[in-house]
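Reviewing the structure listed below.
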C-alpha cells in the first residue's frame with residue numbers, strides 16, 4: 001500500500017545499501033581469529049570530548065568514531081598510529097612496572113596465596129571436626145541397637161551417618177580444593193622479565209600473523225587511554241590510563 005509509506009523508495013534503497021556495506025562478509029576463518037583485533041590499540045583509546053572509542057581511519061591514523069561515523073562529536077583530531085603505539089609500549093616497558101610496583105605486587109601476591117592456603121586448611125579442619133561428630137553418633141547408635149531392638153528409625157539414622165562418614169573420609173583423602181603453590185621472582189628479576197616480555201611484544205608487531213595476538217595481550221595491560229580534543233580536555237574529563245596489572249599494586253595507594 002504505497003499511501004502508507006513513511007519513507008520514499010530512494011531513502012529506503014540508500015538505507016539498505018548502507019546496511020549491506022556494514023555487514024561483515026562471510027568467511028571460513030575460525031571465530032577466535034575473526035574476533036581478534038587488527039590494530040594494537042583498537043578499543044582502548046577513548047575520546048575525551050564524547051567518550052567514544054577511537055577507530056582506525058585510513059591506514060595510519062586513529063579518529064574519534066563519534067565524529068567519523070556518526071557526526072555527533074566535534075573532535076576532529078587524528079592521531080598517527082605508529083608514534084602512539086610506540087609511545088604506549090615504551091611506557092609499558094619502562095614505566096609501568098617500577099621497583100615499588102614490583103614490591104607491592106609481591107606483597108599482595110604472597111598475602112593472597114597465604115589466604116588461599118588458610119582457607120583450604122580451614123575447610124579441611126571443618127571436615128575433620130564434622131567427621132569426629134559423625135563417628136561419635138555412629139557409636140551411640142550402635143550402642144543403642146545392642147541394648148534394645150533395632151527399630152527402623154535407628155537403622156535409617158545409622159545408614160545416613162555411615163554414608164556421611166564415607167563422604168567426609170573421601171574428602172580428606174581427595175581434597176576438592178587444590179592447595180596453590182607458586183613462587184614470586186625477586187624484584188630485579190621480575191622487572192627484567194617484564195621488560196623482556198614487552199620487548200618481545202614490540203618485535204612481533206611487524207608480523208601480521210602475530211599482531212592480533214599482540215593486541216589481545218596489550219588489552220590485558222591497559223583498560224583505556226583518554227585522548228584530548230583539539231582544544232584540550234573537555235569539562236569534567238582528564239587524562240586517564242587504566243592498567244589492570246598495576247591495579248593490584250595500587251590497592252593500598254588508591255586515591256579517595
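Residues in region 40-80 that are modelled with pLDDT under 80 and surrounded by 17 or more Cβ atoms within 10 Å (Cβ to Cβ): 40, 41, 42.
For region 168-191, a residue qualifies if it is loosely packed, with under 13 Cβ neighbours inside 10 Å and at pLDDT 70 or above, and the qualifying residues are 170, 172, 173, 174, 188, 189. Evaluated against (1) part of a helix (DSSP H, G or I); (2) more than 14 Å from residue 172 (Cβ to Cβ), residue 150 falls short on exactly one condition, (1). Every condition in (1) touching a helix residue (DSSP H, G or I) at 6+ places or on another chain (Cβ under 7 Å); (2) more than 30 Å from residue 189 (Cα to Cα); (3) in contact (Cβ under 8 Å) with a residue 24 or more places away in the chain is met by residue 123 except one, and the failing one is (1).
Please give the number of the condition residue 120 fails out of (1) over 21 Å from the mean Cα position of the chain (by Cα); (2) modelled with pLDDT of 80 or more; (3) farther than 21 Å from residue 222 by Cβ. Evaluating residue 120 over (1) over 21 Å from the mean Cα position of the chain (by Cα); (2) modelled with pLDDT of 80 or more; (3) farther than 21 Å from residue 222 by Cβ leaves (2) as the failure. All of 138, 91 fail the test of being in contact with a strand residue (DSSP E or B) (Cβ under 9 Å, 6 or more places away or on another chain) and part of a helix (DSSP H, G or I), apart from 91.
The values are calculated or read from the model by the stated rules, or taken from the named source; none is laboratory data. Model, not experiment: these values are computed from the prediction. For neighbour counting, all protein chains shown are included, and Cβ atoms are generated from backbone atoms with ideal geometry for every residue, glycine included.
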